[in-house]
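To keep things clear, I will list the structure first and then write my remarks on it.
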Amino acid sequence: MINYEDERFDGVVSSGWIRDLESSDSRIHKEKVIEKALMAAKLGSADAQAFLFNCYQAYNPFYTFHVRQVDEVVGHQDRPNAWPKFWALLESLRTRSVTGNNAREAIADVSELFDDAEWNQVCRRVIIKDLRCGISEKTLNKVLKNTEWKIPVFSCQLAQDSTDRPAKMRGIKRLEPKLDGVRVLAVVQGMNVSLFSRNGKEFANFDNIAISIQYHRHAFQKNLGSGGRFVLDGEVVGESFQKLMKQAQRKSDVQTDGMVYHIFDIMPLDDFQRGYWNAQQYKRFDILEKARGIIEENASCLKIVSGLEVDLDTAEGHDILERYARDCVAEGFEGIMIKTVDAPYECKRSDFWMKWKPTISVDLEIVGFEEGTGRNEGRLGAIICEGEDNGRTIRVNVGSGLSDSDRDEYWNARSDLLGHLVEVQADAVTQNQDGTYSLRFPRFLRFRDFEAGSKL
């Protein structure tokens, strides 16, 4: 293992590797640059080792430096390029031992120790976690997969559709409401709490939730034994799905009132990074259950998800499941989750978690058409539909459920199709902020007022 505090890294120049990567858009070229750097690093090149370590810092999804903008420098020549001090700065930012104005001052102080090229092309890009040279963690890992510089992959457990897995609907299962929100993974490392999407994108807009987790972290870790490094898995739910999605995408003017983090799983960070924890689901439930009292009594924006165990090897168990599903939908949930109680947590789509949710279909009138973009330019992009459903006026653009031949045929016949009825399938009816209604994840199903396959 390389000691990156070693003084031999002082004076190192790593920006040349970045410029080499920037010199071509070819994926093969970029892989060859990384291969060359790896070979040089194995032969003892401090420049190459520093470059690969900087890549590791920039692309590691579990390293967050909590800085959105870093100024470039001008006129810095013949500076010491003090990489050990830069990496010490990254650690202080990551652990939040320096924040706010202190962080900005620390960054400015360290920038004085670097030449223009090293700071502008490498250091500042590492801090904002964007090397801007056209490579991804997949490109890096294709070359670095068996080395200390391999980039950890951020992934979490995902559910299968229960309707596709009837043979798996057996044995003891835990039922939970399927929440209508945004999946959020809370990574806790001591005092540092970072919130991520299921794809590893950091959320910067749920500070109240992160602060509450930080304050109450001991309620979770005392029964986990993870040394203060663990991951909570859950979903943030707001007053409405539309408001929540708008909030999740905000970069500024963040408003978090009414946002609640519903926690349904927990695991040590080291195991999450490995992509697997062999602790059975019911044991993980028990850890959360022991924290429930403290969390729900003292943290208004945190909630432990409740559930129900059933035996699906019995007729009674299936009756309970059906009633539970109906009740959850009636209460406004998307559906239910069905989890195997003796299964591990594995960071992939798994039969150990299954989901069930109803779909709805409505008949709507075609009132317009949108031309597609990209590969659909010059043909149908979406059908604009309107209609009444249970006293609600629905207007929605439907772009899914259409084959390439459908898009060509319907676009050419669009003047003849105005006013026809189509059946649209969706997950739910949603209300817009202006009081009108739309559909969540609408999909074209069929025309309703002429025979399928008839010539348009």
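The range 401-456 holds strands (runs of 3 or more DSSP E) entirely within its bounds, and those carrying 1 or more residues that are at pLDDT below 85 map to 428-431. Does the range 115-122 contain any residue that is surrounded by 17 or more Cβ atoms within 10 Å (Cβ to Cβ), aromatic (Phe, Trp, Tyr) and touching a helix residue (DSSP H, G or I) at 6+ places or on another chain (Cβ under 9 Å)? Yes, some residue in the range 115-122 is surrounded by 17 or more Cβ atoms within 10 Å (Cβ to Cβ), aromatic (Phe, Trp, Tyr) and touching a helix residue (DSSP H, G or I) at 6+ places or on another chain (Cβ under 9 Å). Within the range 280-302, can you find the residues that are farther than 14 Å from Gln214 by Cα, aliphatic (A, V, I, L, M) and part of a loop (DSSP other than H, G, I, E, B)? Answer for the range 280-302, where residues must be farther than 14 Å from Gln214 by Cα, aliphatic (A, V, I, L, M) and part of a loop (DSSP other than H, G, I, E, B): there is none.
No other residue among Asp161, Asp180, Asp207 is in contact with a helix residue (DSSP H, G or I) (Cβ under 7 Å, 6 or more places away or on another chain) and in contact (Cβ under 8 Å) with a residue 24 or more places away in the chain apart from Asp180. Taking the criterion of being surrounded by 16 or more Cβ atoms within 10 Å (Cβ to Cβ), out of contact with any strand residue (DSSP E or B) (no Cβ under 9 Å at 6 or more places or on another chain) and in contact (Cβ under 8 Å) with a residue 12 or more places away in the chain, the residues of the range 93-114 that qualify are Leu93, Ala103, Ala106, Ile107, Ser111.
Report whether or not Ile338 is farther than 24 Å from Ser226 by Cβ, surrounded by 15 or more Cβ atoms within 10 Å (Cβ to Cβ), modelled with pLDDT of 95 or more and in contact with a Ser or Thr (Cβ under 8 Å, 6 or more places away or on another chain).
yes
Residue-by-condition table, conditions (1) within 19 Å of the chain's Cα centre (by Cα); (2) modelled with pLDDT of 95 or more:
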residue: Gly134; (1), (2): no, no
residue: Asn146; (1), (2): no, no
residue: Asp180; (1), (2): yes, no
residue: Leu185; (1), (2): yes, yes
residue: Asn192; (1), (2): yes, no
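Against the numbered list (1) hydrophobic (A, V, I, L, M, F, W, C); (2) under 32 Å from the mean Cα position of the chain (by Cα); (3) surrounded by fewer than 16 Cβ atoms within 10 Å (Cβ to Cβ), Leu43 comes up short only at (2). Of the residues making up the range 312-329, those that are exposed (fewer than 14 other Cβ atoms within 10 Å of the Cβ) and not in a helix (DSSP H, G or I) are Asp313, Thr314.
The values are calculated or read from the model by the stated rules, or taken from the named source; none is laboratory data. Being a predicted model, the structure only gives us computed values, none of them experimental. Here the Cβ is made from the backbone with ideal geometry for all residues, glycine too, and neighbour counts use every protein chain on show.
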